[in-house]
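Beneath this line is the structure, given in structure tokens, with notes to follow.
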Amino acid sequence: MKDRSALAPLRNANFRNYWLARLIDRAGTTMAGVALAFAVLEVSDSATALGVVLAAHSIPMVVFMLAGGVLADRFGRTLVIQATNITSGVTQIAIAGLVITGTAEIWMLVALTAVNGTTTAARMPAMAGLLPQLVPRDQLKAANLVAAVPENALMVLGPAVSGLLVIAVGPGWALAVDGATYLVAALLLVRVRIPRPVEGQSKGVVADLREGWTYFRSTTWLWVVVVAFTLLNAISSGAFNTLGPVLATQTAIGEAGWGLIRSAEAVGYLVCSLILIRLTLRRPLRWGMAAMALQGLPMMVLGFEPVLVAAMVATFVGGLGSQIFNLGWDLAMQEHVPDEMLSRAYSYDMLGSFAAIPLGQLAIGPLGLAFGLQPVMLVAGAAFVVISLAPLLSRSVRDLSRATAAASGTPAEPQPTS
């Protein structure tokens with residue numbers, strides 16, 4: 001008899017080790033975003049400098065993302081994740097040391113962050129493609145939510161703790177914790193056992209890339225959503241992630257307040273993850289893209305009037321929307337993309353989604369100086385809402401259904417409303 005309980009994936013030893021490694025990794029990562037932003041602003045109080053450092057992470061991700069998908073499908077996902085975790089841990093600890101000792105310069109942060117971005121490019125497709133290899137197909141939804149719930153709980157505390165650490169002892173210590181978690185996660189992944197790729201399955205790097213591209217461009221729902229996220233990620237990384245901390249330091253929100261804003265978003269993730277345990281998204285992308293539009297609210301609120309409580313409420317609502325999309329997208333990919341193609345499909349997804357992030361990060365500082373931080377933030381939020389809803393014009397996005405539900409013929413559970 002099949003085990004359909006919400007915690008069924010945790011009875012699988014492979015999944016437990018993966019889950020614990022991912023959880024520890026995320027514990028540090030939730031602190032790193034806030035810490036790195038204020039570490040840069042401590043060295044140079046400039047939105048442009050912050051944009052350059054963030055772009056130094058995202059540009060290598062764009063350049064090497066496709067290679068990461070090929071490496072994962074060719075050499076094995078756990079091996080790629082372990083190697084990149086070790087490299088990321090060492091570089092993050094080096095950044096922390098420079099910041100803690102007060103010897104950091106912008107060019108140093110740019111160089112080390114670029115190395116970190118390169119390893120992230122290889123790790124992300126591997127991590128995304130690993131989960132479906134660890135659990136039966138009928139446990140995919142449960143596995144995604146079992147991973148998401150504790151991670152989102154950590155995200156509630158991480159940014160707020162990081163903001164307090166920035167005030168108490170400086171941003172370097174939060175970055176040091178993040179570096180250590182990469183190394184611990186790599187050790188835990190040693191215990192994950194999955195079959196290695198079949199010898200001779202790969203046709204060569206170029207052929208593998210071409211095969212992945214053919215699948216990507218012929219799958220309408222896939223490329224339509226990715227094109228939308230090319231613009232959405234550029235907007236959010238530029239307006240919210242880059243201008244947000246600058247706006248916080250220039251208003252009553254402050255560094256600690258910005259950490260609370262990010263934590264409120266994580267509360268939204270957590271609450272939504274718990275709700276989704278009992279609901280089925282029969283049309284995962286229809287609900288996902290509609291809900292994603294809620295992420296425009298925080299930018300619109302900050303652009304209209306940067307008040308801490310209002311911004312926290314808006315990011316909470318945005319977090320609800322993001323979690324609905326995240327689950328819908330993972331289920332669409334994991335249920336509809338063949339396993340041997342999954343990391344490459346994710347790499348094309350991530351390449352398209354991240355391609356314009358450096359442009360957003362580099363352009364937003366000059367735009368903020370030219371037109372003002374709040375007007376730019378307000379326009380960015382409105383554009384985010386419109387672009388989120390645009391993919392719903394495609395029938396392939398609106399009507400994509402759950403593969404497992406269709407195969408089982410079981411009645412659908414109630415769907416969430418927004």
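Observations
- Residue within the stretch 269-279 that is among the β-branched types (Val, Ile, Thr) and in contact with a Pro (Cβ under 8 Å, 6 or more places away or on another chain) present: yes
- Matching option when the condition is surrounded by fewer than 20 Cβ atoms within 10 Å (Cβ to Cβ), modelled with pLDDT of 80 or more, in a helix (DSSP H, G or I) and among the hydroxyl-bearing types (Ser, Thr, Tyr), among Ser396, Ser388, Ser347, Ser401: Ser396
- Within the option set Ile24, Ile81, being modelled with pLDDT under 85, of a type outside the set (Lys, Arg), crowded, with 24+ Cβ neighbours inside 10 Å and under 26 Å from Ser273 (Cβ atoms) holds for one residue only, Ile81.
- Residue within the stretch 178-185 that is among the charged types (D, E, K, R), assigned to a helix (DSSP H, G or I) and closer than 25 Å to Tyr348 by Cα present: no
- Here Trp107 meets the list (1) over 17 Å from Thr84 (Cα atoms); (2) touching a residue at least 60 places away in the same chain (Cβ under 8 Å) almost entirely, failing just condition (2).
- Applying a threshold of 8 Å to beta carbon distances and a minimum spacing of six or more residues, or different chains, the list of pairs starting in the stretch 50-66 at a residue that is surrounded by fewer than 22 Cβ atoms within 10 Å (Cβ to Cβ) and ending at one that is outside any helix (DSSP H, G or I) and at pLDDT below 80 reads Val62/Ala355.
- Residue within the stretch 269-283 that is part of a helix (DSSP H, G or I), at pLDDT below 90 and β-branched (Val, Ile, Thr) present: yes
- Among the residues listed as Gly296, Gly328, the single one being under 17 Å from Ala239 (Cα atoms), buried (at least 21 other Cβ atoms within 10 Å of the Cβ) and either over 18 Å from the mean Cα position of the chain (by Cα) or small (Gly, Ala, Ser) (or both): Gly296
- Test result for Phe64, more than 19 Å from the chain's Cα centre (by Cα) and part of a helix (DSSP H, G or I): no
- Residue in the stretch 208-226 that is touching a residue at least 40 places away in the same chain (Cβ under 8 Å), under 27 Å from Val53 (Cβ atoms) and assigned to a helix (DSSP H, G or I) present: yes
The values are calculated or read from the model by the stated rules, or taken from the named source; none is laboratory data. Since the structure is predicted, the reported quantities are computational estimates derived from the model, not experimental observations. Cβ sites come from the backbone with ideal geometry, for glycine too, and all protein chains shown count toward neighbours.
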